[in-house]
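Take a look at the structure set out below.
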Amino acid sequence: MTSAILECAVFLLLVIGLAWPLGAYMARVYTGQSKWADRIFGPIERLIYKVCGVQAGAQMNWKQYAGAVLVFNLLGLIVVHVLQRVQLWLPLNPAGLGNVPPEVSWNTAVSFASNTNWQAYGGETTLSHLTQMLALTTQNFVSAATGMAVLVALIRGLTGRLTTDLGNFWVDLTRTTLHILLPLSFILALLLVSQGVVQTFLASVTVPLLEPTTGADGKSIVEQVIALGPAASQVAIKQLGTNGGGFFNVNSAHPFENPNAFANLLEVVSIILIPAALCFTFGRMVGAQKQGVALLVAMLLIFVPLLALTVASENQANPALTALGVDGTMGNWEGKELRFGPTSSAIWAVTTTAASNGSVNAMHDSFMPLGGLGPMWLMQLGEIIFGGTGSGLYGMLVYAFIAVFVAGLMVGRTPEYLGKKIEAFEMKMASLVILLPSAAVLIGTAIACSIPAGTGPLGNPGAHGFSEILYAFSSGSNNNGSAFGGLTVNGMFYTTAIGICMLIGRYWVIVPVLALAGSLAKKKTVPPGAGTLPTHTPLFIALVAGTIILVGALTFIPALALGPIVEHLALR
Amino acid sequence: MPATAHSHSRQEISARPLFEAKIVNRALVQALLAFNPRRLLKNPVMFVVAVGSAFTTALWIHALVTGKGDASPGFILAVSLWLWFTVYFANFAEAMAEGRGKAQADTLRAARKDVMAKKLASADRHAKSEQIVSAQLRKGDFVLVEAGELLPADGEIVQGVASVDESAITGESAPVIRESGGDRSAVTGGTRVLSDWIVVRVTANPGETFLDRMIAMVEGAKRQKTPNEIALDILLAGLTIVFLLATATLLPFSQYAVNATHLGQPVSLTVLVALLVCLIPTTIGGLLAAIGIAGMDRMIQANVIATSGRAVEAAGDVDVLLLDKTGTITLGNRQATLFVPAPGVAEKELAELAMLSSLADETPEGRSIVLLAEQKFQLKALDPATLGATIVPFTAQTRMSGLDIQGREVRKGATDSVAKFVTERGGTIPAGVREAVDQIARQGATPLVVVEGARVLGVVCLKDIVKGGIRERFAEMRRIGIRTVMITGDNPLTAAAIAAEAGVDDFLAEATPEAKLAMIREWQAKGHLVAMTGDGTNDAPALAQADVAVAMNSGTQAAKEAGNMVDLDSNPTKLLSIVEIGKQMLMTRGSLTTFSIANDIAKYFAIIPAAFAATYPVLGTLNVMRLHSPTTAILSAVIFNALIIVALIPLALRGVAYRPAPASVLLRRNLLVYGLGGVIAPFPGIKAIDLLLTAMGVS
């Protein structure tokens, strides 16, 4: 137990220690004060604007900004879809993989555009290197950058006064990619390669088996084909950009994606590095660092207990296995890599679901019921506890608006956040942000468990099967992308339904958030006084965390009761 | 009187008991009439409850007719009845709040009756007049009103002066003086002229008079939702949809569970509706309208008429108060507080001569000098006429006043004019006196030098008297984050001294209407919300610009029209109470919302195990309250949910307790009481109802 606590502590300290300078750097990038970085990337940046005809100084209002986001994402979606449909006839397909079926291809396109990276495909067995690099890796960068751009627009809405200007999406997108994501990925990829993550254009190597065996058809098997590819570069951005779509099908459980404990630590820290750092960026951009710290602490207030729950659950023996005579003193090892074990797997599971990453280094399906509940609930909270790059913090801010609204009324004043009055329009948009992803989860799950196409692909019956469906829709609707496992999701029903959920969870949140930004920017800023509700005190932090937990609990307790909770109670 | 106005208004608030039998009875009936779908539609939360009630009623009939319904008919009926009660209780809360206003309106309506009016052909008492019914009067008509007559309409006095009994609208029995010109020229229809006569120009058409507007306001006829209420409504509607989804999807979920386990039955529709109603924020949904009406009502009890609920709400947001010095911060006039004798002069001698010089001075300042001398040295004020003195009145040229008595020239006046008087008679002002004069001026007070011929006796200090308790009120305001700014026509020196004494945060000296307006705009540009009081016509632009503008009822028609509130007591200090009432209304909404949502946790623990225990017996572990059976558990939750509305009606009408404190302190307190309290309270409540139901034989 001590080592588990120590490991969690090292992990959290590393995240916060790295997030602080990164947050400061990102604030400089977004306010145009990153002098030396501008000297390096400036020329490329200007070239991009010139080629694309972007007027870097032109300001957008919220509708223009939202329009640019949607058009850009739609184009990305189409490119990814088309590339998969024609990959057989394109170069860099050494394994000669066929064109992807339309339902899987559409699902994958939505998945990568929306920063979900839900995998209805099997990486090395479905997609060519060209598709992986040109379609997926590109989307890994720009979908992450989209989220961050929208966040920056919201921050400008909060800091702006009587204006309609929210910045320029094309500039935010370019600067995020060029100044932040590319250099970080470059560093991480190099570090990962040093640990043995593969980076090559070879499709595979064929090695003779040490112990030849016979296949199902009776033929003897004497050699193994081991898939290779440019993994390190994609793994780096899939972790950093809260993407999670693995190069290999088993994601970061694969030894070529995640070879050892150090690589594992690097990767798990990378998952929440940017979301955590953005809290500091936010604090700097609004001119009050304590405001950013407050939101980070609110996130930790939910993250740490759930981390503790999952780590503790996974370090326990599974009574069902103990009954079969398995020694459970080392914890629950089912579905975990030997090089990681329960604690590292549990930390990863909680982190990847808290942030909307979704990469896995163990099979969540095999977690203890409560160990699986933590990750599932983190997604259902709306992917705001760290959450996606940008998307996590803007979701968090929406919750802060709601908390401030109720709290503000309780102190007898029209509620304000950072001097901006939170009024009817803001509540309307905030309600949409909270309502739509939850509605997608619940309605999707309800349909899936009522029709054969939904229950057919289940790997397990009963309450656990229900958990699998609930997890799948929670993951898709909140743009996480992790899979519980046990559920086959490349059929027509799931590819379509989860595809729709991913679209709702991403864009029906982005548009209201940008509308919020536009509405806030137009308002006056009320100067703070003793009658102003402070939004950085422990009390307020607790209130934000409490609001998130209460809304999340009230929405999902009935469903969770019929899934993981009943499983947990039955297992005791 | 004004100094105690605050407690006075508090007494007014508690004057009408919360539950008056007449109002309760009327509300009980009104609540039944409010089952009108169009009315229910205005409140999305209660509308959902009403639809749920109708649906379960239909299920009950279905169960009776077919014999194999959704659940046992008795259970469905019980749930359905309690859901109807929930709607009824919410209606009752609103009717109660409205009833209190209606009772007030009835009193007002009694004052508004048609009377015969003497319509004049022109604005002259002696012009040709005709008798017409007051309802036929139009804006711009002139009427003559004489002693004993009721004013037929709102208007402005153009000629004459009269004492008027305004008790019909203010409840204040002492008559007030109303005269043409100046800031006391407005009269209100329905009040009575007690003496003399006035010619009034009618300023409102019938149906648009002040009394009409007041009646409409207190009856809530024109009540529109306030901005915060709309925002809260949206949040509540959002939550209602979330819970609608959470409960509706339980049907397929439980169907799946039953298919998987082959145990129990899918959850019944009755239970789902019960769960839905328990979860949606019915407590705040049912009380929201009542809270808003009660807020307006508290204003009315404080004798303030707000033209809209929006204004009441804005009062809670105000963070800058512009307060007129005179009447609000200080008592009306300067008063003598000190005699400073010249070197070698006894204080008593100075007092005697100061008194002599003021015997004929009928200004408040002059009277206060006489009073001070009487109090301090037991001197007796004599009638100047019996002394055979010649009165020397104050003139703009001499800027002195006094008496000539038996060859003695006793004068008092401003330093420079007195200096001239003394020099002409060969004297000088001693250095000690000059020092005293400077010192008094530095303190913001007014020095009056007293002389007899060439002899300088000393200085009388005239001071503005700051109202008792006002300093503490301002400290209170500062604690809750409200800045107070004193507006005065005094010079900056005087203003600074009084500002320091009264403890205001800032002051505007030598204020002109333009300067006032500019100051409000400046504050507003910085994002502040500004409140002010005013009574004069020249206040109208500033009143129109301020976010909360309280016009004095004694003020001009222009001021009243520019403001968004009218204080019937014409007490500018009441601005402070108005802010409190506004804050209290918002706090009540916020606190009950928190309470309502926090309640849901306990309800889950009651209903979820009850609904699914048959399918997954292990979920019985969640029945932490150990409720008797699924039936009693669900009924207890529904009954608790309905009764809590009734239990909270007094709180909704009275408002949550308000104590001036910084926002963080208020939040901590209300979060503890209504947040934590809201989580805990339902557990014993539901358990108690469950025990009662079990005892009654429900199983």
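Every read-out reported here was derived from the displayed coordinates using simple, explicitly stated rules and does not represent laboratory data. Being a predicted model, the structure only gives us computed values, none of them experimental. When we count neighbours, we look across all protein chains shown, and the Cβ atoms used for this are built from the backbone with ideal geometry, even at glycine.
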>> Quick check: net charge around B:ALA661, other residues with Cβ under 10 Å of its Cβ, Lys/Arg +1 and Asp/Glu -1?
In response: +3
> Quick one: helix B:44-66 against the long Cα principal axis of chain B, what's the angle to the nearest 10°, folded into 0 to 90?
Replying inline: 30 degrees
>> Just want the answer: with Cβ charges of +1 for Lys and Arg and -1 for Asp and Glu, which residue in B:MET519, B:ALA546, B:THR484 is farthest toward the dipole's positive end in the range B:452-555?
In response: B:THR484
>> Please compute the average number of Cβ atoms from other chains found within 10 Å of each residue's Cβ in peptide A:557-570.
In response: 6
> What is the antiparallel percent of DSSP beta bridges lying wholly in chain B, to the nearest 5?
Replying inline: 75 percent
> Which residues in the range A:537-572 place their backbone N less than 17 Å from a point set 7 Å from the Cα of B:LEU263 along the Cα-to-Cβ direction?
Replying inline: A:561-572
> At a Förster distance of 51 Å, what's the computed FRET efficiency of B:ALA396 paired with B:LYS113, Cβ-Cβ distance as r, to 0.05?
Replying inline: 0.55
> Tell me, what is the FRET efficiency for B:ALA454 and B:GLU362 to the nearest 0.05, using R0 = 35 angstrom and their Cβ-Cβ distance as r?
Replying inline: 0.80
>> Suppose the chain between B:LEU672 and B:ILE177 were pulled fully straight at 0.36 nm per residue; how much longer would it get relative to their current alpha carbon spacing?
In response: 173.1 nm
> Any idea what Rg and Dmax come out to for the protein assembly as shown if you just take the C-alpha atoms, in Å?
Replying inline: 38.9, 146
>> To make sure I understand the rule: partners must be lysines, Cα under 29 Å from the Cα of B:LYS467, and not fewer than 8 residues away in the same chain. Which ones qualify?
In response: B:LYS325, B:LYS348, B:LYS376, B:LYS380, B:LYS412, B:LYS516, B:LYS560, B:LYS574, B:LYS583
>> Give me the base-10 log of I(q)/I(0) for the range A:140-284 at each q in 0.11, 0.15, 0.16, 0.20 Å⁻¹, Debye formula, one uniform scatterer per Cα, rounded to two decimals.
In response: -0.54, -0.81, -0.88, -1.15
> By count of other Cβ within 10 Å, fewest leading, how are B:SER629, A:SER313, A:SER143 ordered?
Replying inline: B:SER629, A:SER313, A:SER143
> Between A:THR496 and B:TRP197, how many nm apart are label points set 7 Å from Cα along the C-beta direction?
Replying inline: 9.1 nm
> Where q = 0.12, 0.21, 0.26 Å⁻¹, what log10 of I(q)/I(0) comes from the Debye formula for the range B:561-649, counting one point per Cα?
Replying inline: -0.57, -0.99, -1.21
>> At R0 = 30 Å, how high is the FRET efficiency between B:LEU643 and A:ILE451 if r is their beta carbon distance? Nearest 0.05 is fine.
In response: 0.10
>> Per-residue counts of other Cβ atoms within 10 Å, averaged by peptide: what ranking do you get for A:560-569, B:130-139, highest first?
In response: A:560-569, B:130-139
> Cα convex hull of the range B:442-489: how many Å³ per residue?
Replying inline: 105 Å³
> Where does the range A:445-565 land on the Kirkwood hydrodynamic radius, alpha-carbon pairs, in angstrom?
Replying inline: 17.3 Å
> With Cβ to Cβ distances under 13 Å as the rule, what net charge do the other residues near A:ASN264 carry (K, R +1; D, E -1)?
Replying inline: -2
> Among B:ALA602, B:VAL267, B:VAL679, whose Cα sits farthest toward the positive end of the charge dipole of chain B (+1 at Cβ of Lys/Arg, -1 at Cβ of Asp/Glu, about the Cα centre)?
Replying inline: B:VAL267
> If you put +1 on each Lys and Arg Cβ and -1 on each Asp and Glu Cβ, how big is the dipole of the range A:1-139 around its Cα centre, in Debye rounded to 20?
Replying inline: 560 debye
>> Modelling each spin label as a point 7 Å along the Cα-to-Cβ direction, I'd like the B:LEU41/A:GLN33 distance in nm, to one decimal.
In response: 5.5 nm
> Roughly how many nanometres apart are two label points built 7 Å out from the Cα toward the Cβ at A:ALA24 and A:LEU210?
Replying inline: 5.0 nm
> For A:517-524, what's the mean count of beta carbons from other chains sitting within 10 Å of each residue's beta carbon?
Replying inline: 1
>> So if the hydrodynamic radius of the range A:95-140 is defined as the Kirkwood radius over C-alpha pairs, what does Stokes-Einstein give as its diffusion coefficient at 4 °C and 1.567 mPa s, in µm² per second?
In response: 123 µm²/s
> What per residue convex hull volume, in Å³, comes out for chain A when only alpha-carbon positions are used?
Replying inline: 154 Å³
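Under the definition of Cα pairs under 8 Å and six or more residues apart, what whole-number percent is the relative contact order of chain B?
About 15 percent, as a whole number.
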> So, by mean Cβ neighbours within 10 angstrom, what's the order for A:206-216, B:115-125, B:32-42 with the highest one leading?
Replying inline: B:115-125, B:32-42, A:206-216
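Which whole-number percent of Cα pairs in the range A:73-209 have a distance greater than 17 Å?
67 percent
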> Based only on the alpha carbon positions, what is the Kirkwood hydrodynamic radius of chain B, in angstrom?
Replying inline: 29.9 Å
> For the range A:407-479, max minus min Cα coordinate along each principal axis, in Å, sorted largest first?
Replying inline: 53, 19, 19
> Which whole-number percent gives the relative contact order of chain A, counting Cα pairs below 8 Å spaced six or more residues apart?
Replying inline: 19 percent
> In terms of the Cα gyration tensor, with a ≥ b ≥ c the square roots of its eigenvalues, is the range A:227-378 rounded because a/c is under 1.5, prolate because a/b exceeds b/c, or oblate?
Replying inline: oblate
> Under a straight-distance cross-link criterion of Cα-Cα below 14 Å, which aspartates and glutamates are reachable from A:LYS428, leaving out those fewer than 8 residues away in the same chain?
Replying inline: B:GLU229, B:ASP233
>> Stokes-Einstein diffusion coefficient for the range A:56-115 at 20 °C in a medium of 1.002 mPa s, Rh from the Kirkwood formula over Cα pairs: what value in µm²/s?
In response: 163 µm²/s
>> Let me spell out the model: positive unit charges on the Cβ of Lys and Arg, negative unit charges on the Cβ of Asp and Glu, origin at the Cα centre of the protein assembly as shown. What dipole size does that give, in debye rounded to 20?
In response: 520 debye
> Stokes-Einstein D for the range B:334-444 at 20 °C, 1.002 mPa s, Kirkwood Rh over Cα pairs, in µm²/s?
Replying inline: 147 µm²/s
>> For a test of understanding, tell me how many lysine pairs in the range B:119-275 have Cα atoms under 26 Å apart, given they are 8 or more places apart or on different chains.
In response: 4
> Does anything in the range A:150-183 have its amide N under 16 Å from the 7 Å Cα→Cβ label point of A:GLN55, and if so which residues?
Replying inline: A:165-171
>> From the helices alone, meaning DSSP H stretches of at least four residues, give me the mean residue ellipticity at 222 nm for the protein assembly as shown, per-run term -39500 (n - 2.57), in deg cm²/dmol to the nearest 500.
In response: -18000 deg cm²/dmol
>> Run the Debye formula on the Cα coordinates of the range A:163-239, all scatterers equal and no solvent, and tell me log10 I(q)/I(0) at q = 0.12 1/Å.
In response: -0.58
> Tell me which lysines have Cα within less than 24 Å of A:LYS35's Cα, excluding those fewer than 8 residues away on the same chain?
Replying inline: A:LYS50
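Among B:374-384, A:490-500, how do they line up by average Cβ neighbours within 10 Å per residue, starting with the highest?
Highest-to-lowest ranking by the protection proxy: A:490-500, B:374-384.
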